[in-house]
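Beneath this line is the structure, given in structure tokens, with notes to follow.
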Amino acid sequence: MYDYIIVGGGSAGCVLANRLSKNPNTKVCLVEAGPADKHPLIHLPVGMVWMMLSKRLNWQYFTEPQSQLKNRKLFWPRGKTLGGSSSSNAMIYTRGHATDYDEWAKLGNTEWNYKKLLPIFLRNENRERGHNPFRGTGGPLQVSENRSKNTMCDVFINAAQEKGFPVNHDFSGASQEGVGYYELTQKNGYRFSAAKAYLRPVMDRSNLTVITKARTTKVRFDGKRAVGITYQHGNKTIDIDCSQEVILSSGAINSPQLLMLSGVGPKNEIEKHGINLIHELPGVGQNLQDHLDVLIVQRSKTMHPITLGPMALVKSPIDIFNFFFKRRGAYTTNGAEAGGFVKTSADEAIPDIQFHYTPALLDNHARNLKFMMRHGYSLHVCNLRPKSRGYIGLRNADPTSHAVIQPNYLSHPDDIQVMVKGVKTARSILAASAYDNYRGKEIFPGNNIQTDKDIEGFIRQKAETIYHPVGTCKMGHDDMAVVDQQLRVHGLEGIRVIDASIMPTLIGGNTNAPTMVIAEKAADFILNENQTTQEGESTLDKAIGE
């Protein structure tokens, strides 16, 4: 019997395991489907290329065929180990725009505006560059300067500045707009995942149990109250119980899937697979949002970019020396060292496009390794606030089957228009005179792609996810909301969802840091509720005694 069972050892789950187990009298169990985060390439930043290929540490999801993207099934990598996707992502620390959170508040989630979340962002991070009114030090999450800084990134920043975009040294500071180097969740040149920040320091707590390689198959209910879970560990099926709450922190795909497998969600979706309906909640799995991204890829006339070709062998002794003796250089790269947030027109109130700049040739999520044998550079173009909405569904009643992932990319006509403007903006930067000594042949889209119609066709042929799915258990009060402001599941007791799936709308930036802050705030709710309950019981005991 545990007080709390946390399903999912990713970014949110690691935070919750730390915070809820701080009281030695509270018994907490964290259940993770993947293995422990022991593989050395998890911690070596450049190892994220390998993490894309791993079938052991990556869920290797694919979407349904996308009708607006040439009926392609898109690859959706998600981390499957302690730390979740924070153990395999590009380590970029951004928070989104302040107005993103104010929009959540306007939707009725008044506890989630930027003013109330900023203090939690501050306490969450330990910023290498120091604190200011917008940035924190002393927190568990290490946020460091980029230690790689390939020459081509300086060229990109200079080119963007030449085209009128301001330089920004802190995308999470007073203003988001501009271009520059990203700050990273690294420490001393190594990846600093949510597991390293929150879980590893407390693994020796006697009241915290961490179970890995355990696939949760069902939340068990007594009437409308969650009382435990069932999980598979090897060939065994095991039940564990909880006295307080089951907390789903399995992400925007697995959390709604597990709810539906447990009989909570849209009635038709559940009953068509022969699952007993526990509680009808039509919003479970709906409202799926993700950042769609497309790459502008160009050859370089110089050998400054990163390559897997012969030059990599020539440079490898230097790179090895720089990493092991200086903790700097190519092995510390996050693959997207520079970038920024820009407006595609003066009419935009806030940035509508995000750039990630990679000093290497990229294609198909860096899984096309032969493509990286030559020298070149790639500029990601991401639509920050898509209007298209999709869903997560059940493929069948088998809990080991992957869910149906239907993002419905570009189903809203405005999204393709933003992407076209973004590609044209990106091309204008790469055409700046700062690139004159470096620019080679444009590989994607290619010099033959010039009209808006041609660019639209290129986007439909090549666009991919940039790994930010959210929204499938959204927070709110309307008919399609799944959780309330305290992230308790509507209509049920003893169960919450605490991860990126609760975001009612997608934020304009990378989602990892905000997911940890969601868990921090949810932990505050839980701990404050417990304190209030304990104080009430103490008052009652005293009154009875008198």
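The values are calculated or read from the model by the stated rules, or taken from the named source; none is laboratory data. Quantities reported herein were computed from a predicted structural model and do not represent experimental measurements. With ideal geometry, Cβ positions are generated from the backbone for all residues, glycine too; neighbour counts draw on all protein chains shown.
Some values worked out for this structure:
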{"quantity": "Leading residue by the ranking (surrounded by the fewest Cβ atoms within 10 Å (Cβ to Cβ)) among those in the stretch 85-109 that are in a helix (DSSP H, G or I) and small (G, A, S)", "calculated": "A105"}
{"quantity": "Every pair of residues 6+ apart whose Cβ atoms lie under 7 Å, when the first sits in the stretch 229-241 and is assigned by TED's automatic domain parsing to the domain that holds I6 and modelled with pLDDT of 95 or more while the second is assigned to a strand (DSSP E or B) and aromatic (F, W, Y)", "calculated": "I238/Y231; I240/Y2"}
{"quantity": "Answer from N437, N512, N408 - the residue that is touching a residue at least 12 places away in the same chain (Cβ under 8 Å) and buried (at least 24 other Cβ atoms within 10 Å of the Cβ)", "calculated": "N512"}
{"quantity": "Matching residues, the stretch 440-452, being in contact with a helix residue (DSSP H, G or I) (Cβ under 9 Å, 6 or more places away or on another chain) and not polar (S, T, N, Q)", "calculated": "E442, I443, F444, P445, G446, I449, D452"}
{"quantity": "Residue among L248, L184 that alone is at pLDDT 95 or above and either surrounded by fewer than 19 Cβ atoms within 10 Å (Cβ to Cβ) or closer than 30 Å to V167 by Cβ (or both)", "calculated": "L184"}
{"quantity": "Residue in the stretch 266-274 that is aliphatic (A, V, I, L, M) and under 30 Å from A426 (Cα atoms) present", "calculated": "no"}
{"quantity": "Test: A159 is in contact with a Cys (Cβ under 9 Å, 6 or more places away or on another chain) and crowded, with 21+ Cβ neighbours inside 10 Å", "calculated": "no"}
{"quantity": "Residue list for the stretch 439-494, filter: assigned to a loop (DSSP other than H, G, I, E, B) and of a type in the set (G, A, S)", "calculated": "G446, A463, G471, G476, A481, G491, G494"}
{"quantity": "Condition check for T302: surrounded by fewer than 23 Cβ atoms within 10 Å (Cβ to Cβ), over 24 Å from G47 (Cα atoms) and in the same structural domain as I5 (by TED's automatic domain parsing)", "calculated": "no"}
{"quantity": "One residue from L82, L122 being surrounded by fewer than 21 Cβ atoms within 10 Å (Cβ to Cβ), in the same structural domain as Q485 (by TED's automatic domain parsing) and of a type outside the set (D, E, K, R)", "calculated": "L122"}
{"quantity": "Members of the stretch 324-353 that are touching a Ser or Thr at 6+ places or on another chain (Cβ under 7 Å) and either free of Cβ contacts under 8 Å to residues at least 40 places away in the same chain or within 22 Å of H375 (Cα to Cα) (or both)", "calculated": "G329, A330, T332, T333, G335, A336, E337"}
{"quantity": "Sole residue being assigned by TED's automatic domain parsing to the domain that holds Q232, under 19 Å from the mean Cα position of the chain (by Cα) and within 20 Å of V517 (Cβ to Cβ), chosen from S11, S21", "calculated": "S11"}
{"quantity": "Residue match in the stretch 356-373 (condition: of a type in the set (A, V, I, L, M, F, W, C), free of Cβ contacts under 8 Å to residues at least 40 places away in the same chain and surrounded by fewer than 24 Cβ atoms within 10 Å (Cβ to Cβ))", "calculated": "yes"}
{"quantity": "Extreme residue, farthest from the chain's Cα centre (by Cα), among residues of the stretch 279-299 that are surrounded by 20 or more Cβ atoms within 10 Å (Cβ to Cβ) and outside any strand (DSSP E or B)", "calculated": "L281"}
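Yes or no, residue by residue, for (1) at pLDDT below 95; (2) polar (S, T, N, Q); (3) surrounded by fewer than 24 Cβ atoms within 10 Å (Cβ to Cβ):
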{"residue": "P469", "(1), (2), (3)": "no, no, no"}
{"residue": "S501", "(1), (2), (3)": "no, yes, no"}
{"residue": "I507", "(1), (2), (3)": "no, no, no"}
{"residue": "N530", "(1), (2), (3)": "yes, yes, yes"}
{"residue": "D541", "(1), (2), (3)": "yes, no, yes"}
{"residue": "E546", "(1), (2), (3)": "yes, no, yes"}
